[in-house]
Amino acid sequence: MTSIWNNYQVENSCDELMLSANQPHMASYGLCQYLDVLDKESIKARKTAAEHAILEMGISFTVYSDEGNIDRAWPFDIIPRIIEQQEWQGIEAGLKQRLKALNCFISDVYAEQTFIKEGFIPSDIINTSKNFRKQCVGMRPRHDVWANICGTDLVRDKNGLMYVLEDNLRVPSGVSYMLENRVITKRVFPELLQNIDVLPIDDYPVQLHEMLSSIAPEGVKQPQIVVLTPGIYNSAYFEHAYLAQQMGARLVEGGDLVVQKDNCLYMRTVQGLEKVDVVYRRIDDDFLDPEVFRTDSCLGVPGLMRAWLAGNVALANAPGAGVADDKVVYAYVPEMIRYYLNEEPILPNVETYLCSDPEQLEYVLAHLPELVVKPANESGGYGMIVGPHATAKEIADFRKVIIANPRNYIGQPTLAISTSPTLCKDNLEPRHVDLRPFILQGENIFVTAGGLTRVALRKGSLVVNSSQGGGSKDTWIINMGGK
């Protein structure tokens with residue numbers, strides 16, 4: 001191949017499109033061949049078209065900084081990431097298995113705690129978890145499912161093996177960007193998508209609505225569903241509004257809702273109060289109900305926990321689900337799968353060292369320049385250190401932080417995570433990527449066909465979060481049988 005691929009080199013990582021220089025994977029052959037015949041001006045025109053579409057569609061995210069909140073256009077790379085359907089089927093099965101086990105664990109934590117009592121996880125890990133909510137003990141949501149929406153982050157190592165990096169079970173975000181990436185790609189490469197059999201993803205809003213309907217209180221046949229947002233200044237507000245619109249649900253803020261003396265939740269409308277049956281909440285536990293959690297919260301709804309505990313409204317995700325959204329608890333998920341499901345894990349964890357364990361802490365401190373060390377409950381790439389990319393001072397300072405609170409940190413080897421060709425000015429260059437598929441569990445369980453591929457736009461960077469300068473790509477799950 002020539003033109004745009006001329007200088008593209010597969011480096012020390014597995015590449016999502018290319019086996020080696022000028023040799024694409026079988027699944028990506030059609031895409032690579034198509035791009036090969038386009039000159040640089042044609043590629044540039046498509047990139048410009050994508051940028052205009054993003055502005056026209058208002059796709060944005062908010063970056064919080066010392067200078068204030070900054071709205072930015074969604075950073076999108078037009079070159080898709082490709083996974084063959086046969087491989088995806090195994091990944092999908094592993095994602096379903098994982099969420100089922102996690103929900104069994106959360107149910108157990110707030111009930112008998114047999115996993116703890118039988119010694120599979122130290123009780124201190126749960127007792128010291130900032131996301132364990134004692135107010136939830138004894139509660140049983142519909143179908144015993146606490147985490148209804150999960151975004152699981154996957155990475156591929158240099159040998160091509162897919163690993164689970166973390167599970168996002170509190171208020172996972174990004175699915176709207178996955179959906180809009182496909183819309184933009186259809187505008188940019190309409191003729192290409194007609195000739196390659198890419199599995200659709202546009203059924204997600206329907207699946208989300210069906211899942212939320214399935215967790216409504218017993219006896220409710222046509223539930224009133226609302227999306228509860230913190231408001232327009234939240235970094236994911238675009239997504240909140242987008243999903244509400246796509247589902248035909250109401251987008252509400254805390255002040256739009258009220259819990260009455262009957263312990264039922266109502267929405268204020270011009271016609272009067274209207275009963276609400278299901279809340280897809282995009283507010284963290286701490287701000288959900290000032291009667292129970294932070295008393296200074298103006299974002300939540302006073303009495304919402306009373307309504308939920310009384311069984312009069314469903315909350316997705318359920319309060320307390322974050323007890324399993326902890327990078328320390330993550331280390332025990334393979335054992336949860338064996339314990340609750342009597343199955344071997346399909347998707348492996350990344351090797352993980354718990355700083356709460358004295359021996360493992362000693363190893364982490366001795367190997368800080370080689371490891372990635374993360375806090376247990378941060379997100380967005382904050383509060384972590386990537387040893388190989390850190391300075392000696394940064395490592396020395398972080399060592400003190402770990403020693404001060406070892407329970408809050410885990411160490412993992414620095415993986416040579418996979419790359420994908422990314423348009424950098426006029427050339428394709430390899431950039432590291434991860435993948436966040438979305439899993440829904442209510443009465444049934446559903447996995448998106450692919451997910452949100454996030455890409456580290458800075459050369460050599462392993463940090464893919466948009467808040468840290470990352471971008472995203474469309475993800476194609478390709479049926480090799482063709483159209």
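The values are calculated or read from the model by the stated rules, or taken from the named source; none is laboratory data. No experiment lies behind these values; they were computed from the predicted model shown. Here the Cβ positions follow ideal geometry from the backbone for every residue, glycine too, while neighbour counts run over all protein chains shown. Surface areas here come from the heavy atoms of the whole protein model, side chains and all, with no ligands, DNA or RNA. Shrake-Rupley method; radii C 1.70, N 1.55, O 1.52, S 1.80 Å.
Summary of values
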quantity	calculated
Relative contact order, percent, the chain [alpha-carbon distance under 8 Å, six or more residues apart]	24 percent
Integer Hz, Karplus 6.51/-1.76/1.60 couplings in order for region 320-332, x for Gly and Pro	x, 4, x, 4, 9, 9, 9, 5, 7, 4, 3, 4, 9
Calculated [θ] (222 nm, deg cm²/dmol) that DSSP helices of n ≥ 4 give over the chain, each run adding -39,500 (n - 2.57)	-8000 deg cm²/dmol
Amide hydrogen neighbours beyond the local backbone of S472, cut-off 5 Å, H modeled	F76, D77, V455
Cα gyration tensor, the chain - rounded (a/c under 1.5), prolate or oblate	oblate
Where C298, C136 fall by accessible area, highest first, once all protein chains stay in place (1.4 Å)	C298, C136
Test item: Cα-centred dipole of the chain, Lys/Arg +1 and Asp/Glu -1 on Cβ, debye	500 debye
Residue among S213, P122, L95 farthest towards the positive dipole end of the chain, charges placed on Cβ	S213
Probe 1.4 Å, accessible area per residue of the chain, Å²	43 Å²
J(HN,Hα) series, region 7-19, from Karplus relation 6.51 cos²θ - 1.76 cosθ + 1.60, nearest Hz, glycine and proline x	9, 6, 10, 7, 8, 7, 10, 6, 9, 6, 10, 10, 6
From phi via Karplus (6.51, -1.76, 1.60), per-residue ³J(HN,Hα) for region 135-150 in Hz, x at Gly/Pro	5, 8, 4, x, 6, 9, x, 3, 6, 6, 10, 9, 9, 7, 10, 10
Positive-pole candidate from L304, Q135, P172, dipole of the chain, charges at beta carbon	L304
Mean Cβ count within 10 Å, highest first, over the residues of peptides 148-158, 397-407	148-158, 397-407
Region 162-263: GluC sites (Glu not before Pro) falling in loop per DSSP and having at most 11 other Cβ within 10 Å	E218
Rounded if a/c under 1.5, otherwise prolate or oblate - region 351-414, Cα gyration tensor axes	rounded
Residues whose placed amide H lies under 5 Å from that of E166, excluding near-sequence neighbours	D153
Amide H contacts under 5 Å for D289, placed H, 5+ residues apart	R294, V301
Relative contact order (percent, whole number), region 351-414, Cα cutoff 8 Å, 6+ residue spacing	49 percent
Dipole magnitude (debye, nearest 20) for region 351-414, charges at Cβ of Lys, Arg, Asp, Glu	220 debye
At least 24 Å along the helix axis (C-alpha) and Kyte average at least -1.0, DSSP helices within the chain	40-57, 85-109
Under 25 Å from the Cα of K47 - lysines, other chains or at least 8 residues apart	K186, K425, K459, K473
DSSP-assigned coil residues among chymotrypsin sites (Phe, Trp or Tyr not before Pro) in region 201-246, each with at most 12 further Cβ atoms within 10 Å	Y233
Shape category assigned to region 183-313 from the gyration tensor of Cα positions, a/c cut at 1.5	prolate
